[in-house]
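Below: the structure, in structure tokens.
Please treat every number below as a calculation from the coordinates, not as lab data. Bear in mind the structure is a predicted one, so any value in this text is a computation, not a measurement. In this analysis, Cβ positions are derived from the backbone assuming ideal geometry, glycine residues included, and neighbour counts consider all displayed protein chains.
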Amino acid sequence: MSERLVPAAKYLTYTEAIGLYNALEQVGVVALVKSCGPPSLPFGDGLYYQLQLQEKDLIPAQPVLNEFIQQQANISQETQTCPNCGSLQVWPQRNLSWWKKVLYAGTTVYQCTGCSHSFFA
């Protein structure tokens, strides 16, 4: 494996990384899943995962990567609902304290305007 590896997808959850790895394996593309991002406590592994491919495999992998990107875009367009009251009047919370920014790094903290419940997604 003397060829250079390039990142094909970054900041994936474990489930997303394994799903994409399996989809690429079905089309005959070998990939590498690595942990990356800020370390989790107490073990020190990365909170996120990165999928890397050989440069020669980028072209055959492109249809699978495009489908994955489209799925991610559809998920991000789904509306958030409050888990407490079910209201659709949910907005990203502003002015988080520094410890919440560290604790919830990589996620979005939402607040319901109806019941003032805060939650992350």
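Some observations on this one:
- Excluding the site residues themselves, the longest part of the chain lacking any trypsin sites (Lys or Arg not before Pro) in a DSSP loop with at most 12 other Cβ atoms within 10 Å is 5-93.
- Reachable lysines, given that their alpha-carbon falls under 22 Å from the alpha-carbon of Lys101 and they are not under 8 places away in the same chain: Lys10
- Within the chain, helix-based [θ] at 222 nm, where runs of 4 or more DSSP H residues each add -39,500 (n - 2.57), nearest 500: -10000 deg cm²/dmol
- Full-extension gain in nm, Val109 to Gln26, via 0.36 nm per residue minus C-alpha separation: 26.3 nm
- Against the main long axis of the alpha-carbon atoms of the chain, helix 14-26 sits at an angle near 30°.
- Within the chain, longest stretch clear of exposed GluC sites (Glu not before Pro) (DSSP loop, no more than 11 other Cβ within 10 Å): 4-77
- Distance (nanometres) between label positions extended 7 Å along Cα→Cβ at Gln70 and Lys56: 2.9
- As a length-normalised measure over Cα pairs under 8 Å and 6 or more apart, the relative contact order of the chain settles at 20 percent.
- Dimensionless Rg over Rh [the chain; C-alpha; Kirkwood]: 1.07
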